[in-house]
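What follows is a single structure, written as C-alpha cells, with notes after it.
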Amino acid sequence: MTALVEIAGLSIALPEHADRALAVEDVSLRIDRGEVLCLVGESGSGKSVLAAAIAGLLPAKQLRIAAGAIRFDGRDIAGISEASFRLLRGKRIGFIFQEPMSALNPVLTIGRQIEEALAAHDDGDRKARTARVLELARATRLPDPETIIHRYPHQLSGGQRQRVMIAMAIANDPDLLIADEPTTALDVTTQAEILRLILEIRERLGLAVLFITHDIGVVADIADRVVVMKEGRVIESGRADDVLEAPSQPYTRRLIEAVPVLHTSAIQRRDAGDPFLVVRGLSKAYRDRRAPWRRQASATKALDGVNLTIGRGETVALVGESGSGKTTLGKCVVGLADWDEGSLSFEGGDLAGTTRERTLRPRIQMVFQDPFASLNPRHRVRRILTEAAIVNGLSRERAEESMSRLLVRVGLDPGAADRFPHAFSGGQRQRIGLARALMLEPDLLVADEPVSALDVSIQAQILDLLAEIKRDLGLSMLFITHDLRVASAIADRIVVMQSGKIVEDGPAEQVLTRPGSDYARALLAAVPGLSWERSRSQIDRAAAE
Amino acid sequence: MDRLGFLTGRAARAVLILFGVIVLNFVLLRLAPGDAASVLAGDQGAADPAFVAELRHDLGLDRSVPEQLWIYTKSLARLDFGQSYRDQRPVVDIIAERLPATLLLTLTAFCFALGTGIALGSIAARHAGSLLDTVLTGISVMFFAMPLFWTGLMAILLFSVWLNWLPSYGMQTVGEGGSDLSLVGDVAVHLILPALTLGLFYMAIYMRVTRASVLDVLDRDFVRTARAKGLKPGLIWRQHVLRNALLPIITFASLQAGQLIGGSILIETVFAWPGVGRLAFDALMQRDYNLLLAIFFITSTIVVVINLAADFLYVAADPRIEMGA
Amino acid sequence: MALPRTPFLRHPGAVAGALILIAILLMAIFAGILFPGDPWRMVARPNLPPFSPGHLFGTDMLGRDLAAGIAHGAQVTLLIALAVTLLAVAFGTAIGAVAGYFGGWVDDVAMRFTEFFQTIPSFLLTVVIVAIVAPSLASIILAIAIVSWPQIARLVRAEVLSLVNQDFVRAARVGGLSTARIIWGHILPNVLSPVIVAASLMTATVILIESGISFLGLGNREFVSWGYLLGTGRTAFRVNWWLSTIPGLAIFLTVLSLNLVGDGLNHWLNPRNSNRGGRA
C-alpha cells in the first residue's frame, strides 16, 4: 500500500496569547490508501486542528502552519493557495463535522446542498446531478430519497443529518474522508449505524478514512491503525489491535484503562434497603406553548406512567437516549419540574412538584452535567458552597467548617474557597459541584450525566470519587446517563427508559448480561467496542488468575 | 411550527397593537387640555354653557368611558377622525393630501439606506479588521451620532446657501410649470437633500447591523462545510453567508420603519417638505390635537402593516420560521 | 472558552470618547463657575461671529453669549439623558427579568406590551405626549423613557431566559433559595455587563431624541438644552450659521463619544458577543 497522506514534522502555531505556543508540534504520520486511521486524544490534544490542516480549513487568522510538510498524493499542500485547495476539497478530500445540525445551512434544502458539492467540481448538466443526488441519498441510506432531498435540515433527525453530511463528503468519490468526531453528538444506536455506514462506504469506494475521536470503544470498532495525540504531539501510533492490547506508552495505557469495563464483577453490588423514594405512575406532557389548544395531537409525552423505587443506600442508573425522558424524571425528583399525573413520595412524605418543597428538598440534591455552566461565574467558591446551607438554617461558622471539610473530601485544597470558578479545570469544577450538593447533607443524590462532559481519564476519577463518597456517607443515588459503560461502573441497578417509559429495570448484572427487553438489547449491542471488550475481559481474567 | 399558524398569530398581534394605539390615542385625547367641545366652542366664540353641553352631547362626551372608547373605535374604523379644530375640514382629507409626499420621501430614503447599508455593512464584515473596515465603521458611527435635523441644516448650508447646487425648500420650484418630465426632474432635485439626510442616518444603522450579522454567520459551522465542499468563494458568500445574514435584517428593518416615518417630522420641518411630518409640526404649533393624534394613528397603522408584510416576507425566506422571539 | 479581556485602554476610539465625555461632564458641572450668572442676558453686541474676543462661540441676535449657553445647556441635556436612562433601565430590567424568569403567560403579556411600544413610531409618540401633557422637564423625561425601555426589557429577557436554564441557577433552586434571591443574587449580576453597554448606547439615543423634541419647539424655556438652542438658532441660520452649527456639534460630539464608549465597553466586557451587539 502506498501512502495517500504523509505529514512530516508539522507544527501549527496558536495565536500569541494562547496558553501554549503550538497547537500541533512536530507531528509526523501517514495515511495509507483505503485504511481507517483513528486519531485519538482528549480535548486540547490538537487532533481536530491537525485534521483541519490537512483539508486547508485552518482559521487563517488564528492558526498557521509554522513548519513541516503535508504531502497529499505526493504533492506538498502545506503552503498552497486557497484556490488550489478549493480544487482538492470536496473533490479528493471529503470532510464530516461533529455537529450535523449546525454544519448544514438551515435555509437550503438538503438536496440542494448535496448538489452544490457536485456542481463545485463539475460543469456537467443539472439533470445528471439530480440523478446523482438521489443515488447518494440511497447510498447513505436516507429514507425515502425522492422526498427527503426536498426537506430542510431542521426537519431531519440527527442521524439523518449526519448521513446528508456523508453524502456531500463522498459526492465526488474522494480519496480521503476526514471525519471529525462525527458520532459524538449522536445517540449510541445512531452512532453504531453511522459507523457501519462509514465502514461500508470505505469498502465500496476504497477511500481512506481519517477518523478523529476521543472514544476508545469506537477506535476498537473501526480502526486499522491508531495515532494517539496529547498536547499537540503524537504519543504513540501503530496497528489498532497492538495499541489497544499492549500500549507502549503510559499515557495510552491510562487512556485505555479509564474506559469502564462493561461486564465487570469488580464492584460490590449492594442490595436495596427499604424503598425510600417511590415514584408512582408519573406522567408529564410537553405542549406547544404557542398552540396550547391543540392538546393531545402535538403534545409529546416526556414521561408516560413511570414507576420507580430507590432503596436506601442504593445506586440506580437511569439509562436512555436523548428524548427518553430520563432528564425530565430527574428534574421531577429534585423539584425542578412539575408533572401532570402520578405521585412522588420520599420517606413516606409526598413531594409536590416545584412548589412547597422547603422541608424535604434539601435532602435531595443534584450534581449537574456541564461543569462550566453549573457554577455561578460571579461568585467565589465560598459563596457557591455555603449560600444554600446558610439559607437552610446553618450558621455561617458551621457552614464554613463543613465547606472546608468537604473541599478536602472531594480532593481540593481548602484554599479553593477564595477563588472564582474560572480558575478551575472541568474536573475540579465537577468536584466543587459535588461538594455543593453534599453541603446540605442529602440522603439522595441525583446526578445528571455528571461525567459526560469530561475527558475519559477525568471521568474515571470522578466516578471513583462518587462511588467512594456514596459508600462512606451511605447515600442513595439516581445516576442519569446515556452511557451503559458508565452505568455499569457505578450502578447497583439499571433502569432503561425509552420514549417516556421504563422498559427495563433490574440488577446491573442482569441488565448487562441478560436484558429482558428488545430496546435494552439494542442499546447494549450498540455500545462501541464490544468485541474488544470481550478480549479485554479475557485478558483481565487471565491476569487475575 | 406551521406557517399558517405563525401568520395567524402575527396578524392577531397586529390587531392587538392597533387596538393598543386606539386606547393610547383615546387616553391622550382625554389628557389634552380642554375637551374637543370646549375647543370647538371657544373657536366659535361661544362660551355659553348650554351650547357647550349640547356640543358635548353631540360628540358623545357625556357618556361613560367604555362607551366613549367604543364610539371612538367605531369612528376610527370608518376612518372618521373628526374635523381639524383649525381648518374645519375632515382630518382624514388633510392627511390624504399630504401622504404621497411623505411616502415618496421615506420610501426613497429607506431604499437608499437599506441598499447602501447592507452593501457597505457586508463589505466591512468581509474585510473585518482591515483599514477599509475601520473607515466604513467610522463613517457609520459618525452618521449615527448626527442629529437628523442638524445634518439637514448643515447640508442646506453647504449645498444650497454656499454652493447653491441644490434647492433646500419644498417639493417643487414655485411657479414653474412645464412638461410632466420636467416636473419629475424638479421634484427629484428637491428630493435629494431631504432623502439623503434621512437616508444616511438609517444607512449607518443598517450598516452596523449587517456587519454584525454577517460576522456572526461567518463563524457558523455551515460556512466551514461550504468551504469543505470546495465551493467557489462567490457562491459561499451569496448562498450561505448573505442568505442567512440578511434574515434578521428583515425583522430589524421593518421595526425601524416606524422610526423612519417618525423621523420624517424633523426632516420635513427642516426642508419644508409638504408631507405628513410637516403637517404634524403645524398641528403641534396650532395645538390641533385631533389632527396630531390622527397622524399618529395613521402612521402607526402604516407601521403595523409594514411589520406584517415583513412577517410574510420572513416566512417566505426562512423555512424554519423562527422569529426573533 | 473564555477569551482574555483586552484592556479597555487598547480601544483608542473608546478612550477618545471617554476623554471627550469627561470634558463635557466637567463643563456641565462647572458651568456656573465658568459662566457665572444668567446665561440668557445680553452681554455683547448681537450677532458676533465665533472666535470674537471674549466670546469664543459668538453671540446671538439678542447679544447673548453662545458659549455660556452651550455650557449651561450641557447641564440640561445631560440631566435629561441620565434621568431617562436610569428610569428606562430600571423599568426595562424589571419587566425583562420577570418575563424571562417566569415565562408562560407572564412572559406573553410582558412581551406583547413591550412589542407595542417597540412597534409604534417612537419619536412621534414622544412628541405627541410632550405636546399634550404640556412641555416640562418631567414630561420630556417621562415621554422619552416610555419609548426607550423596550430594548432593555428585550435584552434582559433574552439574557435571563438563557440564564434560567443554566445549571448554576438550577443548583440555586435545588438548594432551596427563594425566587427573589435567585433573581437578585444569581441572575441579575450576570446580566449587568450587557445592560451597561446597552445603557451607554441608549443614553446617546436619548440625547438625539431630546434634541429633536426641543428642536421642534417643545422644549421648556426654563431649561434650555442644546436642542433648544439649535432650534432657536435655526430661524436665522442662513446668516448666523454658528447659532445652530455649534450646538449641533456639541450634540454630535457627545453622542459620538457615548457610542464609542459603549462599543469599547462591549468589546471589553463581552469579548465573545461583541460581534453580535446589534442595536435592536
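The values are calculated or read from the model by the stated rules, or taken from the named source; none is laboratory data. In this text the structure is predicted, and so the values were computed from the model without any measurement. Cβ coordinates were reconstructed from backbone atoms using ideal geometry, including for glycine residues, and neighbour counts include every protein chain displayed. Heads up: the accessible areas ignore ligands, DNA and RNA and are worked out on the full protein's heavy atoms, side chains in. Shrake-Rupley method; radii C 1.70, N 1.55, O 1.52, S 1.80 Å.
Looking only at region C:207-233, which residues are modelled with pLDDT of 75 or more, in contact with a Pro (Cβ under 6 Å, 6 or more places away or on another chain) and more than 10 Å from chain B (Cβ to nearest Cβ)?
Once the filter is applied, which keeps residues that are modelled with pLDDT of 75 or more, in contact with a Pro (Cβ under 6 Å, 6 or more places away or on another chain) and more than 10 Å from chain B (Cβ to nearest Cβ), region C:207-233 yields only C:Leu229.
Could you please tell me which pairs satisfy a Cβ distance under 7 Å, a separation of 6+ or placement on different chains, a first residue in region A:32-56 that is polar (S, T, N, Q), and a second residue that is assigned to a strand (DSSP E or B) and open to solvent by less than 10 Å² (accessible area, probe 1.4 Å)?
A:Ser45/A:Met229; A:Ser48/A:Ile212
Could you count how many residues in region A:280-337 are at pLDDT 85 or above, part of a loop (DSSP other than H, G, I, E, B) and more than 14 Å from chain C (Cβ to nearest Cβ)?
Here the count works out to 8.
Which of the residues that make up region A:139-170 are assigned to a helix (DSSP H, G or I), surrounded by 13 or more Cβ atoms within 10 Å (Cβ to Cβ) and away from chain B (no Cβ under 13 Å)?
Within region A:139-170, A:Ala139, A:Pro145, A:Ile148, A:Gly158, A:Gly159, A:Gln160, A:Arg163 qualify.
Quick check on this structure: which one of C:Ala153, C:Ala171 is within 14 Å of chain A (Cβ to nearest Cβ) and either buried (at least 24 other Cβ atoms within 10 Å of the Cβ) or within 30 Å of B:Arg278 (Cβ to Cβ) (or both)?
After applying the criteria, what remains is C:Ala171.
For C:Ile140, indicate whether it is under 29 Å from B:Phe201 (Cα atoms), open to solvent by 10 Å² or more (accessible area, probe 1.4 Å) and more than 9 Å from every other protein chain (Cβ to nearest Cβ).
When the stated conditions are applied, C:Ile140 does not pass them.
Give me the pairs: first residue in region A:448-459 and touching a residue at least 24 places away in the same chain (Cβ under 8 Å), second residue open to solvent by 40 Å² or more (accessible area, probe 1.4 Å) and β-branched (Val, Ile, Thr), beta-carbon distance under 7 Å, and six or more apart or on different chains, which are they?
A:Asp448/A:Thr327
Of everything in region C:234-259 that's open to solvent by 30 Å² or more (accessible area, probe 1.4 Å) and within 7 Å of another protein chain (Cβ to nearest Cβ), which residue is nearest to the chain's Cα centre (by Cα)?
Filtering region C:234-259 for residues that are open to solvent by 30 Å² or more (accessible area, probe 1.4 Å) and within 7 Å of another protein chain (Cβ to nearest Cβ), the one nearest to the chain's Cα centre (by Cα) comes out as C:Arg234.
Within region C:221-233, track down each residue that is surrounded by fewer than 24 Cβ atoms within 10 Å (Cβ to Cβ) and within 19 Å of the chain's Cα centre (by Cα).
C:Phe223, C:Val224
What are the residue pairs meeting all of these: first residue in region A:104-128, first residue more than 13 Å from A:His154 (Cβ to Cβ), second residue open to solvent by 20 Å² or more (accessible area, probe 1.4 Å) and among the charged types (D, E, K, R), Cβ atoms under 7 Å, and 6 or more apart or on different chains?
Correct list of pairs: A:Glu115/A:Arg129; A:Leu118/A:Arg129; A:Leu118/A:Arg132; A:Ala119/A:Arg129; A:Ala120/B:Lys232; A:His121/A:Lys91.
What number of residues in region A:358-401 are of a type in the set (Phe, Trp, Tyr) and either open to solvent by 60 Å² or more (accessible area, probe 1.4 Å) or more than 9 Å from every other protein chain (Cβ to nearest Cβ) (or both)?
Of region A:358-401, the ones of a type in the set (Phe, Trp, Tyr) are A:368, A:372.
Checking which are either open to solvent by 60 Å² or more (accessible area, probe 1.4 Å) or more than 9 Å from every other protein chain (Cβ to nearest Cβ) (or both) leaves us with A:372.
Residues meeting the conditions: 1.
If I go through region A:206-224 residue by residue, how many of them are within 17 Å of A:Leu29 (Cβ to Cβ) and crowded, with 20+ Cβ neighbours inside 10 Å?
Restricting attention to region A:206-224, the residues satisfying the condition of being within 17 Å of A:Leu29 (Cβ to Cβ) are A:208-213, A:219, A:223-224.
Filter again for crowded, with 20+ Cβ neighbours inside 10 Å, leaving A:208-213, A:219, A:223.
Count: 8.
Residues are listed down the side, and each one gets a yes or a no for (1) under 27 Å from B:Thr134 (Cβ atoms); (2) in contact with a His (Cβ under 9 Å, 6 or more places away or on another chain); (3) of a type in the set (A, V, I, L, M, F, W, C):
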| residue | (1), (2), (3) |
| --- | --- |
| B:Leu183 | no, no, yes |
| B:Ile192 | no, no, yes |
| B:Ala195 | no, no, yes |
| B:Ala204 | yes, no, yes |
| B:Leu218 | yes, no, yes |
| B:Val223 | yes, yes, yes |
| B:Leu255 | no, no, yes |
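Quick check on B:Phe143: is it touching a helix residue (DSSP H, G or I) at 6+ places or on another chain (Cβ under 8 Å), aromatic (Phe, Trp, Tyr) and either within 14 Å of chain A (Cβ to nearest Cβ) or open to solvent by 20 Å² or more (accessible area, probe 1.4 Å) (or both)? Explain how you work it out, then say what you get.
Numbers: touching a helix residue (DSSP H, G or I) at 6+ places or on another chain (Cβ under 8 Å): yes; aromatic (Phe, Trp, Tyr): yes; either within 14 Å of chain A (Cβ to nearest Cβ) or open to solvent by 20 Å² or more (accessible area, probe 1.4 Å) (or both): yes.
Against the criterion (touching a helix residue (DSSP H, G or I) at 6+ places or on another chain (Cβ under 8 Å), aromatic (Phe, Trp, Tyr) and either within 14 Å of chain A (Cβ to nearest Cβ) or open to solvent by 20 Å² or more (accessible area, probe 1.4 Å) (or both)), B:Phe143 qualifies.
Looking for whichever is surrounded by fewer than 24 Cβ atoms within 10 Å (Cβ to Cβ), within 14 Å of another protein chain (Cβ to nearest Cβ) and on the phi < 0 side of the Ramachandran plot here; the options are A:Ser28, A:Ser43. Which one fits?
Just a single option satisfies the conditions, and that option is A:Ser43.
crowded, with 20+ Cβ neighbours inside 10 Å and in a helix (DSSP H, G or I): is that true of C:Leu208 in this structure? Can you show your working first?
Numbers: crowded, with 20+ Cβ neighbours inside 10 Å: yes; in a helix (DSSP H, G or I): yes.
Yes.
It is to be established whether one or more residues within region A:124-133 are among the hydroxyl-bearing types (Ser, Thr, Tyr) and at the interface with chain B (Cβ under 9 Å from one of its Cβ atoms). Break it down into steps so the answer makes sense when it comes.
Here is the first cut: in region A:124-133, the residues among the hydroxyl-bearing types (Ser, Thr, Tyr) are A:130.
Retained after the next criterion (residues that are at the interface with chain B (Cβ under 9 Å from one of its Cβ atoms)): none.
Scanning region A:124-133, I find no residue that is among the hydroxyl-bearing types (Ser, Thr, Tyr) and at the interface with chain B (Cβ under 9 Å from one of its Cβ atoms), so the answer is no.
In the set B:Arg220, B:Arg224, B:Arg238, B:Arg208, which member is touching a residue at least 40 places away in the same chain (Cβ under 8 Å) and farther than 22 Å from C:Ser244 by Cβ?
Going through B:Arg220, B:Arg224, B:Arg238, B:Arg208 in turn, the sole match is B:Arg208.
With the condition kept exactly as written, say whether any residue in region B:188-209 is in a helix (DSSP H, G or I), under 30 Å from A:Phe97 (Cα atoms) and at pLDDT 80 or above.
yes
Just checking, which of A:Glu116, A:Glu135 is closer than 14 Å to B:Ala228 by Cα, assigned to a helix (DSSP H, G or I) and of a type outside the set (A, V, I, L, M)?
Numbers: A:Glu135 fails: closer than 14 Å to B:Ala228 by Cα.
Answer to the selection: A:Glu116.
Residues in region B:273-282: is at least one more than 9 Å from chain C (Cβ to nearest Cβ), without any contact (Cβ under 8 Å) to a residue 60 or more places away in the chain and more than 30 Å from A:Tyr152 (Cα to Cα)?
yes
Among the residues of region A:339-357 satisfying the criterion of being touching a Gly at 6+ places or on another chain (Cβ under 8 Å), modelled with pLDDT under 85 and open to solvent by 20 Å² or more (accessible area, probe 1.4 Å), which is nearest to A:Thr189 (Cα to Cα)?
Across region A:339-357, the extreme among qualifying residues is A:Thr354.
Could you list, in sequence order, the residues of region B:284-300 that are crowded, with 18+ Cβ neighbours inside 10 Å and either at pLDDT 90 or above or among the polar types (S, T, N, Q) (or both)?
The answer is B:Asn290, B:Thr299, B:Ser300.
From the list C:Thr119, C:Thr85, C:Thr59, exactly one residue is at pLDDT below 90, open to solvent by less than 40 Å² (accessible area, probe 1.4 Å) and under 29 Å from C:Arg221 (Cα atoms). Which is it?
Every option except C:Thr59 fails the conditions.
From (1) among the small types (Gly, Ala, Ser); (2) in contact (Cβ under 8 Å) with a residue 60 or more places away in the chain; (3) assigned to a strand (DSSP E or B), pick out the condition that doesn't hold for A:Ser11.
For A:Ser11, the failing item is (2).
Taking the condition without any contact (Cβ under 8 Å) to a residue 40 or more places away in the chain and either open to solvent by less than 50 Å² (accessible area, probe 1.4 Å) or not small (Gly, Ala, Ser) (or both), does B:Gly170 pass?
no
Being within 11 Å of chain A (Cβ to nearest Cβ), open to solvent by 10 Å² or more (accessible area, probe 1.4 Å) and either in a loop (DSSP other than H, G, I, E, B) or more than 30 Å from A:Ala103 (Cβ to Cβ) (or both), is that true of even one residue in region B:238-254?
yes
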